[in-house]
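Read the figures in this text as sums done on the coordinates, not as results from a lab. Bear in mind that the values here come from a model prediction, so they are computed numbers and not experimental data. Glycine gets a Cβ as well: all are built from the backbone with ideal geometry, and neighbour counts include every protein chain shown.
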């Protein structure tokens with residue numbers, strides 16, 4: 001039986017594993033969207049009349065069993081970590097259920113046993129993850145700019161709280177696109193600050209890790225210092241901007257000469273060298289925008305150059321050069337409405 005937390009609009013239900021199976025047709029492969037960090041995502045549908053609900057499409061996220069994650073030598077530590085992060089996500093999303101449409105609205109959660117089933121239900125009619133959509137031709141130029149603007153706004157919002165939030169693991173694989181191609185952040189495994197407090201990365205599982213985050217998005221400044229800050233989130237956003245421009249995911253960027261996988265941000269740094277003076281950037285005429293964008297009437301070459309410059313600044317090793325989220329929002333909004 002489902003029980004309610006809160007009352008009226010914004011209430012959150014506690015549901016059973018059988019409810020999640022009902023919503024997803026027993027977690028059918030046809031409803032499977034993607035696998036992200038320690039979780040699986042499914043299209044779901046609440047049937048007409050369930051607990052008094054109208055029929056509606058939802059997204060179901062379940063944390064996968066630790067034993068299935070090839071961490072068998074430290075499985076108990078990972079169970080503890082998954083449960084801790086599950087317990088962080090519930091109050092975070094309950095607190096921010098109506099703050100922004102770029103965070104999912106939490107409808108329900110399921111906790112059978114941390115070794116059996118941890119899951120949540122989002123009031124979200126999802127299409128696919130941004131990672132799985134980056135190289136799609138139907139994902140047009142202005143759609144990509146809209147995604148970039150909204151992600152920059154989301155970071156500006158999260159960084160603006162007191163105490164601030166840091167995402168620390170922002171990646172295209174952790175962003176869902178809804179049916180209107182609006183981005184929704186759904187992975188909060190490394191989120192820290194705000195209503196959940198400052199996390200200490202000292203759980204038994206985390207102590208065995210050398211780096212935190214998703215490969216291709218890990219800031220070299222963090223690697224050198226071990227310190228997280230707003231600029232490390234901006235670095236990850238810069239990598240996403242590069243993916244949107246290049247029409248490539250970080251794990252599908254291959255060196256044509258050697259066939260080796262290379263970091264997208266390092267390629268951008270090599271293609272677009274900068275002097276230390278911020279003012280020298282105005283002299284550059286470099287664009288990472290894929291040639292296919294030129295076929296779209298909304299695309300403007302100057303826009304491609306401007307966003308390429310922003311992306312390049314975001315991934316610079318010098319934290320002082322990286323733009324603030326406020327600057328990113330302002331500059332991206334200027335580009336959004338430019339036409340040929």
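Sort 153-165, 227-239 by packing, meaning the average of other beta carbons within 10 Å per residue, with the highest value first. Mind showing how you got there, number by number?
Values: 153-165: 17.3, 227-239: 22.4.
Top to bottom by mean Cβ count within 10 Å: 227-239, 153-165.
Starting at 0 and stepping by 10 Å, how many percent of the alpha carbon pairs of region 15-124 end up in each bin?
Result, from short to long distances: 14, 45, 33, 7, 1 percent.
Per 0.36 nm of contour for each residue apart, how much would the distance between residue 198 and residue 302 grow if the chain were fully extended, relative to their Cα-Cα spacing?
Stretched fully, the residue 198-residue 302 segment lengthens by 33.3 nm.
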